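Data block below; observations after.
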Amino acid sequence: MELYDKYEQTMKNSPHVVILDAGASVSAISCDDENPINTPLLNGFLKKIWLSDSISDIGLKTANNTLEDIYTQLAARNEYAEIRNELDETIRKYFASFTIPDKVTTYDLLILSLRKKDLLATFDWDPLLLQAHQRVSKITDDIPDLAFLHGNVVAECCPNHKYGGLIESACSECNKPFTKHILFYPGKQKEDYADPFTFDHYKVLKNYLQKAYLISIFACDVTKSDVEGLEFIDVRPDAAWKKYVHPYHYRAYSGFFNSCLAKHPRRTTEAFFDRTENCIYSDPATPFSETMDFTELKTLVGKLVLEEKRHRESYLTVA
């Protein structure tokens, strides 16, 4: 194989990392008009799921009502331990009740738009991404790994071995039941990442970022230390991420179906390389659409998977 061919194969087979925040869950469940679920973001969180009276009773003074501000003050004093535990249990019960709609959601499409070489990392606690992952795995098992950067309410882990799974599962090594991991809250101290579940997922993300060819950030509250991306999917008009990246090193889209993930599913790195290195500018041949049902999705993804198997030892060209 010539040097350029090796370079092309390496880049096209490199990971695409997608980082999701709470906006992704809102998008994933917004299609279910019959059974809507409100996913609270940090602003107004306590008003939606927790008794604000609990804060008033202890005379806690906060600059605003964000969960980050509330939890930072609760974590600072031991006498608030009972309140913290109440908040933690309320969060776990509330988010554990989420059920993904029967229709195709953004999460189903996100997972199927990527492959095993890729990674989906989320800051959400809810089980929607896991539920989508379980059902689309029946279409193909060539789907990305998941990383839960702030923990997940339906996942537990073994305190002695690096294994995790769903609630009420057991460790495959010691056969002991999994235990709750610590949910990471905005505003908590960095040493809380010593929790093995969260720490291991951050290590996974770090390893993928070191090898990634493409990075997409979906509806995140971006800070300077967070920015690693080339593609932003964000409906906010203020475009908070602009000041953190070089003007020629990113693209921004107002929704999932405008992104490379939907336009070139399972071919994102190939399409990017062909466009930037091979000067191949072609219309997407197999885009995802907002009206797809699971039958259509299975047919489309099935064709793409067969093509991937035929080129397993080489690379694909999107033309």
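The values are calculated or read from the model by the stated rules, or taken from the named source; none is laboratory data. Treat the numbers as computed from the prediction; the structure is a model and nothing was measured. Reconstructed Cβ throughout: ideal geometry from the backbone, glycine too, with neighbour counts over all protein chains shown.
The residues in the range 129-145 that are within 22 Å of I167 (Cα to Cα) and either in contact with a Lys or Arg (Cβ under 6 Å, 6 or more places away or on another chain) or not assigned by TED's automatic domain parsing to the domain that holds K203 (or both) can be counted, and the count is 0.
Once the range 288-319 is narrowed to residues that are at pLDDT 90 or above and outside any helix (DSSP H, G or I), the residue that is surrounded by the most Cβ atoms within 10 Å (Cβ to Cβ) is F288. Evaluated against (1) surrounded by 14 or more Cβ atoms within 10 Å (Cβ to Cβ); (2) aliphatic (A, V, I, L, M); (3) free of Cβ contacts under 8 Å to residues at least 60 places away in the same chain, A285 falls short on exactly one condition, (1). So the check is Cβ under 7 Å with 6+ separation or different chains; which pairs have a first residue in the range 1-20 that's farther than 13 Å from L316 by Cα and assigned to a loop (DSSP other than H, G, I, E, B) and a second one that's at pLDDT 90 or above and hydrophobic (A, V, I, L, M, F, W, C)? Every condition considered, the pairs that remain are P15/L119; P15/A212.
Condition first: crowded, with 21+ Cβ neighbours inside 10 Å and either in the same structural domain as A28 (by TED's automatic domain parsing) or of a type in the set (K, R) (or both). Can you find one or more residues in the range 158-172 that meet it?
Checking the range 158-172: at least one residue is crowded, with 21+ Cβ neighbours inside 10 Å and either in the same structural domain as A28 (by TED's automatic domain parsing) or of a type in the set (K, R) (or both).
Just one residue in the set L112, L120 is under 12 Å from the mean Cα position of the chain (by Cα), at pLDDT 95 or above and within 19 Å of F257 (Cα to Cα); that residue is L120.
Residues D118, D126, D108: which one is in the same structural domain as V153 (by TED's automatic domain parsing), surrounded by 16 or more Cβ atoms within 10 Å (Cβ to Cβ) and more than 16 Å from D145 (Cα to Cα)?
Numbers: D118 fails: more than 16 Å from D145 (Cα to Cα); D108 fails: more than 16 Å from D145 (Cα to Cα).
Sole residue among the options that is in the same structural domain as V153 (by TED's automatic domain parsing), surrounded by 16 or more Cβ atoms within 10 Å (Cβ to Cβ) and more than 16 Å from D145 (Cα to Cα): D126.
For the range 229-282, filtered to residues that are modelled with pLDDT under 60 and acidic (D, E), the residue that is surrounded by the fewest Cβ atoms within 10 Å (Cβ to Cβ) is D238.
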